[in-house]
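Reading through the C-alpha cells given below for one structure.
The values are calculated or read from the model by the stated rules, or taken from the named source; none is laboratory data. Quick caveat: nothing in here was measured; it's all calculated off a predicted structure. A quick note on method: Cβ atoms are made from the backbone with ideal geometry, for glycine too, and the neighbour counts reach across all protein chains shown.
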Amino acid sequence: MRGWTVMSRVSRVWFVAAGVGLIALLSACSTSPTEQDAISAGAVQVDASMEHIHNLLLTDSGLLIGSHQGLWLQEGTNPAERIGKSHFDVMGLASTATGLVSSGHPGEGEEQVSNLGLRASADQGKTWQNLSLFGEVDFHRLVASGTTIMGIVSADGALLRSTDSGKTWQTVPSPSLYDIAIDPMDPSMVVGTTENGPVLSMDGAKTFTAIPDAPLLALLSWGESRLIGVTSEGVIFESRDMGLTWKKIATVSGQPGAIAVRGDEIALLSGTTVFYSSDAGLTFKERITGVMGH
C-alpha cells in the first residue's frame, strides 16, 4: 500500500497488543447452518477491481466505499459501482455540510504527487477539487462536524484540525491515536483510540483524558445519537453518553478494518466481509463478501 508508514507500524503494534487472532462468532447468539446460508445468500460479491477497502460511509444514497481504486457506491443488494472517473487511493473519507472530503494518493493518469492533501466534492464524489495541503499530507483518518475537520497524518501520526472546512490547518498535540471520532452535533466532543484504551476530549481535541473502565477499542464511528466502537477481536460496543460508558451489542468474525454509523445503521468491514445492521446492532448480515485484504 502506498504511503503507509507510521500508521502501519502503529497498526501492527496496536493489533498485536490487542490480541489479534481471536475469531468470534457473527453474533452473540448462534445461528443454524440454514440461517447462516440465508444470511450469506443476500450478500453482494465485491468487485475485484476495487482492491482494498479503506473506509466506509453511510449516506442517503447507500454505502460509500473508499477503496484502493477510487470511490464506490453500493445500494441495497445491487453490485457496487464506481463513482466518477478518478481511481485515486481513497485513504480518508468524511461527510461535511457541503459534501464530501477525502485524502489519499493519486490514481493512474493523475498528477503524480505522493499525497493529495484534502480533496472536496460537492457532487457526492463524481468530481473532486484540491482544497488544501496538496502534495504535503496524506490523511489515513478523516472526521468532520460542521465546519470542523480533523485528520490523522499517515507520515507521523500527527493530529491536524481545521475549523474553516479544511482551508487552513493547525497541528493539535495529542496522544498516539489509531482512530478518531467526532460528535456530529458538537465538534468540541472528540474520542480517540490508543493502545492503552480510548481517550476523550471535550475541548475540540486541545486536551485528551483517558476514559476509565472502557473496552480496548480499535475503530470508532459517531452517529447522531450513538458512538460505536469495535475491538480488534470484532466485539462491537455502543456509547450513548459521549464515550463515558460502553455497552456490548454484538460480535462479528474477522479483523475489523473500517466502520460507519448512521442512525440505526452500522456498516463494518471485518476480515473479507462488510457486515451490515439496520436495527442498531441487534442483528447483522453479510452485505459485501470477498473483500481483498490489505
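Couple of notes before you dig in:
- Candidates in the stretch 192-220 are the residues that are outside any strand (DSSP E or B) and polar (S, T, N, Q); of these, the one that is nearest to the chain's Cα centre (by Cα) is 194.
- Residues satisfying the stated conditions in the stretch 59-97, i.e. assigned to a strand (DSSP E or B), over 23 Å from residue 162 (Cα atoms) and in contact with a Phe, Trp or Tyr (Cβ under 9 Å, 6 or more places away or on another chain): 63, 64, 65, 70, 71, 81, 82, 83
- Considering the conditions (1) surrounded by 14 or more Cβ atoms within 10 Å (Cβ to Cβ); (2) at negative phi; (3) touching a Phe, Trp or Tyr at 6+ places or on another chain (Cβ under 8 Å); (4) not hydrophobic (A, V, I, L, M, F, W, C), residue 104 is excluded by exactly one of them, (2).
- Among the residues of the stretch 42-70, the one identified as surrounded by 22 or more Cβ atoms within 10 Å (Cβ to Cβ) and among the hydroxyl-bearing types (Ser, Thr, Tyr) is 67.
- Flag if residue 189 is outside any strand (DSSP E or B) and not hydroxyl-bearing (Ser, Thr, Tyr): no
Okay, residues lined up against (1) acidic (Asp, Glu); (2) farther than 17 Å from residue 63 by Cα; (3) touching a residue at least 40 places away in the same chain (Cβ under 8 Å):
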| position | (1), (2), (3) |
| --- | --- |
| 196 | no, yes, no |
| 222 | no, no, yes |
| 243 | no, yes, yes |
| 261 | no, no, yes |
| 269 | no, no, yes |
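- Residue among 120, 97 that is at pLDDT 95 or above, on the phi < 0 side of the Ramachandran plot, more than 17 Å from the chain's Cα centre (by Cα) and of a type outside the set (D, E, K, R): 120
- Verdict on residue 193 being within 22 Å of residue 45 (Cβ to Cβ) and either in contact with a Gly (Cβ under 7 Å, 6 or more places away or on another chain) or hydroxyl-bearing (Ser, Thr, Tyr) (or both): no
Listed here are the residues, each with its yes/no results for (1) of a type in the set (S, T, N, Q); (2) surrounded by fewer than 19 Cβ atoms within 10 Å (Cβ to Cβ).
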| site | (1), (2) |
| --- | --- |
| 153 | no, no |
| 176 | yes, yes |
| 190 | no, no |
| 195 | no, yes |
| 202 | no, yes |
| 206 | no, yes |
| 211 | no, no |
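- The stretch 155-166 - residue that is under 18 Å from residue 186 (Cα atoms) and free of Cβ contacts under 8 Å to residues at least 60 places away in the same chain and, of those, surrounded by the fewest Cβ atoms within 10 Å (Cβ to Cβ): 164
- Qualifying residue in the stretch 233-242 (condition: at pLDDT below 95 and either of a type in the set (Asp, Glu) or out of contact with any Lys or Arg (no Cβ under 6 Å at 6 or more places or on another chain) (or both)): yes
- Scope the stretch 74-94; condition over 20 Å from the mean Cα position of the chain (by Cα) and basic (Lys, Arg); matching residues: 85
- Strands (runs of 3 or more DSSP E) fully within the stretch 117-179 counting 3 or more residues that are farther than 17 Å from residue 71 by Cβ: 148-153, 159-162, 170-172
- Complete set of residues in the stretch 98-116 that are closer than 24 Å to residue 62 by Cα and not in a loop (DSSP other than H, G, I, E, B): 99, 100, 101, 102, 103, 104
- Condition check for residue 263: at negative phi, among the small types (Gly, Ala, Ser) and within 18 Å of the chain's Cα centre (by Cα): no
- Condition met for residue 214 (touching a strand residue (DSSP E or B) at 6+ places or on another chain (Cβ under 7 Å) and aliphatic (A, V, I, L, M)): no
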